[in-house]
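Below is one structure, written out as structure tokens; the observations come after it.
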Amino acid sequence: MRSPGQDRAVSAFMARGGAFVVGQVLLLFLIGLSGARSGRRGSVLGLALMLAGGALGLRGGRNLTPLPEPLPGGHLVTGGAYSVVRHPIYAALLLAAVGWGVYRGSGVALGWTAALGVLFHFKADHEEAALLGRFPEYAAYRARVRRFIPGLY
């Protein structure tokens, strides 16, 4: 049985976008468990994609929070990885997840990765609304930098 304080904490977490975090963790877990390793098909490409995702994720590691809203006292970051895509951590996770699916030869993992991409689309919508409310200059940044894929999306 939860206390009223725990209920308030859960409600506050969910109000701040916690459902996105729960869905993200679940999908990443499913991706990680998906597919049997099938020969060497896709191994080099899969590993390269996972490494690229890891490198991008390390470059985008400022002002991090799992929730889709700016940190209190945070500032708008538009340089480094953020000059290439608006959401480098989401892009990095997607790139690594595609790499995992290729490496494992798993259509199931790639399907869960597609679902993660859809979740990240809506999570980014939520986050960008909060960023626009907090940082008026975000509108100009959003107009010039793509969300997940440089030059495309």
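The values are calculated or read from the model by the stated rules, or taken from the named source; none is laboratory data. Since this is a predicted model, take the numbers as computed values, not measurements. Heads up, the Cβs are rebuilt from the backbone with ideal geometry, glycines too, and the neighbour counts pull from every protein chain shown. What goes into the accessible areas is simple: the full protein's heavy atoms, side chains included, and nothing from ligands, DNA or RNA. Shrake-Rupley method; radii C 1.70, N 1.55, O 1.52, S 1.80 Å.
Quick one: how many residues across the stretch 135-147 are surrounded by fewer than 13 Cβ atoms within 10 Å (Cβ to Cβ) and either under 19 Å from the mean Cα position of the chain (by Cα) or of a type in the set (Lys, Arg) (or both)?
Matching residues across the stretch 135-147 total 1.
ILE31 satisfies every condition listed in (1) more than 20 Å from HIS126 (Cβ to Cβ); (2) at pLDDT below 90 except (2). Scanning the stretch 87-106 for residues that are open to solvent by 30 Å² or more (accessible area, probe 1.4 Å) and closer than 22 Å to TYR138 by Cα returns a single hit, ILE89.
Residue under question is LEU116, and the condition is that it be open to solvent by less than 40 Å² (accessible area, probe 1.4 Å) and under 30 Å from LEU33 (Cα atoms); does it hold? Judged against the criteria, LEU116 is a match.
Is it the case that ALA109 is open to solvent by less than 20 Å² (accessible area, probe 1.4 Å) and either in contact with a Leu (Cβ under 9 Å, 6 or more places away or on another chain) or aliphatic (A, V, I, L, M) (or both)?
yes
Taking every residue in the stretch 10-25 that is within 17 Å of ILE89 (Cα to Cα) and pairing it with any residue that is among the acidic types (Asp, Glu), at least 6 positions away or on another chain, the pairs with Cβ-Cβ distances below 8 Å are GLY17/GLU69; GLY17/GLU127. Output yes when any residue across the stretch 101-108 is small (Gly, Ala, Ser) and part of a helix (DSSP H, G or I), and no when none is. Yes: the stretch 101-108 contains one or more residues that are small (Gly, Ala, Ser) and part of a helix (DSSP H, G or I). Total residues in the stretch 60-89 satisfying the condition of being over 16 Å from the mean Cα position of the chain (by Cα) and of a type in the set (Val, Ile, Thr): the figure is 2. When THR65, THR78 are screened for being more than 25 Å from GLY18 (Cβ to Cβ) and assigned to a loop (DSSP other than H, G, I, E, B), only THR78 passes.
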